[in-house]
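Novice: Please find one structure pasted underneath; my questions will follow.
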Amino acid sequence: MEKWMLIDGNSIAYRAFFAMPPLTNSAGLHTNAIYGFTTMLLKLLEEEKPTHILVAFDAGKVTFRHEGYTEYKGGREKTPSELSEQFPVLKELIQSFGIAQFELPGYEADDIIGTLTKLADEKEVEAIVVSGDKDMLQLASERVTIALTRKGVSEVDRYQPNEIMEKYGITPQQIIDLKGLMGDTSDNIPGIPGVGEKTALKMLHEFGTVEEVLANTDSLKGKMKEKVEAHQEDARMSKKLATIYREVPLEDKVNEIAYSGYDESQLAAMFRKLEFKSLIERLELPEAGGVGGAATEEAKYEVVPARNLSGDELAAFLAQSESVYFEAIGENPHQAKLIGIAVAGAGGEKIVVITYDELMDPAVAEPVRRWLEDGDAPKRGYDLHKAELALAWIGISLKGTAFDVLLAAYLLDPTESNQTLASLVPRYQLPGLAPDETVYGKGAKFLVPAAEILAGHLAAKAEAIRRLIPLQQADLETGGMHKLYYELEQPLAIVLAGMEKQGIKVNAHTLEDLGSELAQGIARYESDIYAHAGMEFNIGSPKQLGDVLFDKLDLPVIKKTKTGYSTDAEVLEKLEPYHEIVKLILHYRQLSKLQSTYVEGLLKEIRRDTGKIHTYYRQTIAATGRLSSQFPNLQNIPIRLEEGRRIRKAFVPSEPGWTILAADYSQIELRVLAHISGDERLKEAFIQDMDIHTKTAMDVFGVSADQVDSNMRRQAKAVNFGIVYGISDFGLSNNLNISRKEASQFIEQYFEVFQGVRAYMDNIVAQARQDGYVTTLLERRRYLADIKASNFNLRSFAERTAMNTPIQGTAADVIKLAMVRMDEQLRERGLRSRMLLQVHDELVFEVPPEELELMKTLVPEVMENALALDVPLKADVSFGDNWYEAK
DNA sequence: CACGTCACG
DNA sequence: ACGTACGTGACGTGG
């Protein structure tokens, strides 16, 4: 069975270039696009096992598309030299792979590919097209799959006509109509101005083709009708430009694309030139210098069930182990069931697997428990934080954390959302792991497999961890994150687990009383709303609510969502003057949110036996370095509005007579900004401990303190928020409900005064462009894949992220430091007080009466001295009988 | 399971 | 011309 793989060389090289961090070999040649291209190619070779391969390139600058439309692909930025220098080498490399490549003057890569897929359809041969360009979707058919790169080039989404229909509701042939209507800025294809993807799809769903749309302009209305009529020619031409030409004269070149594998020595020579050492190893190619034979061999190890060892043998094995994997089933570690443990011995020659049943057998359990609880016996694993909790609930206290590959992976790339062990190994060219889904199944079909199969799977994971450790340690070192890892994140994981195990007491009665009060209010609003609407409907359904508000009551449409009318609070506030019902809906929403999420939601999380709630802090989710909280989220308990704030009355000390003490950083993000920007005026404001929003108002509006009214302060506050988020006039105008012009004037005035801040914002973006990442004060790193994107939106987003992440991330560093120090202090001083919660800039404790006075000074002292900045840090303390009173 | 909405910093 | 403020998680609806 033939299978053709047709690669759009230019498109993939471009994608790879912008997706990969800068990379050069010692000769100074940029290699990142080549590297990205190669890893993608290797992955696809493995996944697709094609019998024929072709890489097509664009030839020259002028194609037949320029005949009649000279602006085609105009306005496109010149290819950066860092990329163009890579093309000749890339072509050389493809040759070393033994893969055919074509380019033909006057035609683009997609025309060559289009012609070949046509041939594939005719010959009934299976084909896969690899590109980053959505235009290719027009080539999809039953036999032709289009693989589009996603997230850089490491992964692809595969499309056949079915998937295209699902995603866009159109056929592959209609892709060109879509482009004809909406155009394509990157190719300078005009389309019809004002018609974006949504409008274009709507028109196609109704009329089918560009021609039919143009023939039916009568059924359009208003501005849209005018625009479509005025740009008929543009639409027709755009469609033509977007159409891939499928009659390229290729003659019998087809016969040259058969693929029979690569010559190892040729490929190795190429990789050596490019200094792709990891790829040489991964493919087990002959090493440099022809010494030969040094290729890494496939890992071979023996899997031993724990019960086959005597107690002493087991203890001796554990003592010299190099890695451990805990398999805990379930997302919530407080409820997860530990089904097995795999431990890799020295050199990875032997891996011992302990199943849950064996763990219940004292002969096995005792040596294992002694090892797990021995703080001097190092444990190197994956997600030891989760393991620690799962173990705690079966009465085992994990000690001796020495390395965690999940935590390391997070520091090495916090933007990567897939941090499963299986996703980690290919990053280091280690042998692949079976995906959990194939071993266990998913959803309702989840099933723990037979002991043998399970043991094999867990052993493979323990071995993967063992091999990842030195590689990640080297990467942490290279990235300057060694200290961040060992002195902050790893100790913090243990502190967090302690807080989570401790839990916070929540008074169910308080919540239940609040719940019945809410229920009454909800019932009242419900009947009022029905009366005003003249009908009963589900108020909680945005769809039904939209129908009532905008169709039945004819209120003006302020904003639309992908699926219909928007009815969010922002819209409803604008609609308030039009109809009494609107206010009622806002109140109803407020109460039902409190009821379902906070009263009912929290009640479900209270442990029957202890009356406590145990959240789970996730340390490897937020790209900025912040924590997140789950099951339940205790970082979003209401506070801004009094009605919701009362929820906090239910959070109480777990021992009679104790007190809840809360301490929060004052303006930590703006203080961090003052430090990292070095802006003198901003620093001075904090050194003088001024009200920062009032001070900002004074400086921006050029008035004295007593001339600042509440409105000026409010606007200044919004500007300060904007600065922290990575300012844009659009965002500020939206927030303050002012025009973009006014917003942009505010921003300009702000930067006039705080010039150091302006310089910081400019510099950080420039630096991000240069390095591909930004860092916090403690060297936490965040890559910005889109910082060089040609797409304005993507690029702007990345630029704002570049401005925001060092600020938000450094603030996260600071409070994490404070948590580790605070935990030390509680221990060293032998205090009974307990740290319970972290809410980004706030720490919550429960404190026995005799320690209250001490804690009132100790907590802010530790927080304020967590890290020395050029401005003082400030923490405010409060306390009371519950979290509400601690304000 | 995606979406809209809304709670927090 | 483009058209979003930064970072999260939980709930209910409806396909």
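The values are calculated or read from the model by the stated rules, or taken from the named source; none is laboratory data. From a predicted model like this one, the values you see are computed outputs, not experimental measurements. Quick reminder, even Gly has a Cβ in these numbers, built from the backbone with ideal geometry, and neighbours come from all protein chains shown. Only protein heavy atoms, including side chains, enter the accessible area calculation; ligands, DNA and RNA are left aside. Shrake-Rupley method; radii C 1.70, N 1.55, O 1.52, S 1.80 Å.
Novice: Among the residues of the stretch A:81-110, how many are open to solvent by 20 Å² or more (accessible area, probe 1.4 Å) and assigned to a helix (DSSP H, G or I)?
Specialist: Adding up the residues that qualify gives 8.
Novice: For the stretch A:552-561, check the following and say yes or no: at least one residue is away from DNA strand B (no atom under 11 Å from the Cβ) and in contact with a strand residue (DSSP E or B) (Cβ under 8 Å, 6 or more places away or on another chain).
Specialist: Yes, there is a match, as at least one residue in the stretch A:552-561 is away from DNA strand B (no atom under 11 Å from the Cβ) and in contact with a strand residue (DSSP E or B) (Cβ under 8 Å, 6 or more places away or on another chain).
Novice: If you take the residues of the stretch A:559-573 that are charged (D, E, K, R) and within 14 Å of DNA strand C (Cβ to nearest atom), which of them is farthest from A:K198 (Cα to Cα)?
Specialist: Checking each candidate, the answer is A:E570.
Novice: Another one. Checking the structure you have, find out if any residue of the stretch A:446-464 is within 16 Å of DNA strand B (Cβ to nearest atom) and either surrounded by 13 or more Cβ atoms within 10 Å (Cβ to Cβ) or not assigned by TED's automatic domain parsing to the domain that holds A:A328 (or both).
Specialist: No: zero hits.
Novice: Ok, one more. Look through the stretch A:574-606, keep the residues that are within 16 Å of DNA strand C (Cβ to nearest atom) and open to solvent by 50 Å² or more (accessible area, probe 1.4 Å), and return whichever of them is nearest to A:N734 (Cα to Cα).
Specialist: A:K574
Novice: Only residues that are under 13 Å from the mean Cα position of the chain (by Cα), open to solvent by 20 Å² or more (accessible area, probe 1.4 Å) and of a type outside the set (D, E, K, R): list them for the stretch A:400-423, please.
Specialist: Answer for the stretch A:400-423, where residues must be under 13 Å from the mean Cα position of the chain (by Cα), open to solvent by 20 Å² or more (accessible area, probe 1.4 Å) and of a type outside the set (D, E, K, R): A:T415, A:S417, A:N418.
Novice: Would you list the helices (runs of 4 or more DSSP H) that sit entirely within the stretch A:486-558 and hold 1 or more residues that are touching a Lys or Arg at 6+ places or on another chain (Cβ under 6 Å), modelled with pLDDT of 95 or more and away from DNA strand C (no atom under 16 Å from the Cβ)?
Specialist: Answer list for the stretch A:486-558: A:490-502, A:508-533.
Novice: I need the full set of residues from the stretch A:565-581 which are out of contact with any Phe, Trp or Tyr (no Cβ under 9 Å at 6 or more places or on another chain) and either closer than 30 Å to A:N332 by Cα or within 11 Å of DNA strand B (Cβ to nearest atom) (or both), in order please.
Specialist: Within the stretch A:565-581, A:S566, A:D568, A:A569, A:E570, A:L572, A:E573 qualify.
Novice: Still on this structure, I have one more. Enumerate the pairs (first residue in the stretch A:410-430 and at negative phi; second residue anywhere and hydrophobic (A, V, I, L, M, F, W, C) and within 16 Å of DNA strand B (Cβ to nearest atom)) with beta-carbon separation below 7 Å, excluding pairs fewer than 6 apart on the same chain, so at least 6 apart or on different chains.
Specialist: Here the result reads A:P414/A:A623; A:T415/A:A623, each pair linking the stretch A:410-430 to a residue that is hydrophobic (A, V, I, L, M, F, W, C) and within 16 Å of DNA strand B (Cβ to nearest atom).
Novice: Is there a residue in the stretch A:714-735 that is without any contact (Cβ under 8 Å) to a residue 60 or more places away in the chain, outside any helix (DSSP H, G or I) and more than 16 Å from DNA strand B (Cβ to nearest atom)?
Specialist: Scanning the stretch A:714-735, I find no residue that is without any contact (Cβ under 8 Å) to a residue 60 or more places away in the chain, outside any helix (DSSP H, G or I) and more than 16 Å from DNA strand B (Cβ to nearest atom), so the answer is no.
Novice: Does the stretch A:124-146 contain any residue that is in contact (Cβ under 8 Å) with a residue 40 or more places away in the chain, in the same structural domain as A:N10 (by TED's automatic domain parsing) and open to solvent by 60 Å² or more (accessible area, probe 1.4 Å)?
Specialist: Checking the stretch A:124-146: at least one residue is in contact (Cβ under 8 Å) with a residue 40 or more places away in the chain, in the same structural domain as A:N10 (by TED's automatic domain parsing) and open to solvent by 60 Å² or more (accessible area, probe 1.4 Å).
Novice: Could you count how many residues in the stretch A:759-807 are in a helix (DSSP H, G or I), away from DNA strand B (no atom under 16 Å from the Cβ) and over 16 Å from the mean Cα position of the chain (by Cα)?
Specialist: 18
Novice: Select from the stretch A:647-657 the residues that are surrounded by 15 or more Cβ atoms within 10 Å (Cβ to Cβ) and either away from DNA strand B (no atom under 11 Å from the Cβ) or β-branched (V, I, T) (or both) and list them in ascending order.
Specialist: A:I647, A:K649, A:A650, A:F651, A:V652, A:P653, A:S654
Novice: So, in the stretch A:174-210, how many residues would count as being surrounded by 15 or more Cβ atoms within 10 Å (Cβ to Cβ), modelled with pLDDT of 80 or more and not hydrophobic (A, V, I, L, M, F, W, C)?
Specialist: Residues in the stretch A:174-210 being surrounded by 15 or more Cβ atoms within 10 Å (Cβ to Cβ), modelled with pLDDT of 80 or more and not hydrophobic (A, V, I, L, M, F, W, C): 6 in total.
Novice: Let me ask something additional. Anything in the stretch A:773-808 that is of a type in the set (G, A, S) and buried (at least 21 other Cβ atoms within 10 Å of the Cβ)? List them, or say none.
Specialist: Hits for the stretch A:773-808 are A:A798, A:A802.
Novice: If you go through the stretch A:694-712 one residue at a time, how many are within 16 Å of DNA strand C (Cβ to nearest atom) and closer than 14 Å to A:Y750 by Cβ?
Specialist: Matching residues across the stretch A:694-712 total 4.
Novice: Specify the residue that is farthest from DNA strand B (Cβ to nearest atom); the eligible residues are those in the stretch A:839-853 that are assigned to a strand (DSSP E or B) and not β-branched (V, I, T).
Specialist: If we take residues in the stretch A:839-853 being assigned to a strand (DSSP E or B) and not β-branched (V, I, T), then A:E846 is farthest from DNA strand B (Cβ to nearest atom).
Novice: Just checking, which of A:E226, A:E256, A:E264, A:E281 is on the phi < 0 side of the Ramachandran plot and not assigned by TED's automatic domain parsing to the domain that holds A:L29?
Specialist: Unique residue meeting the criteria: A:E226.
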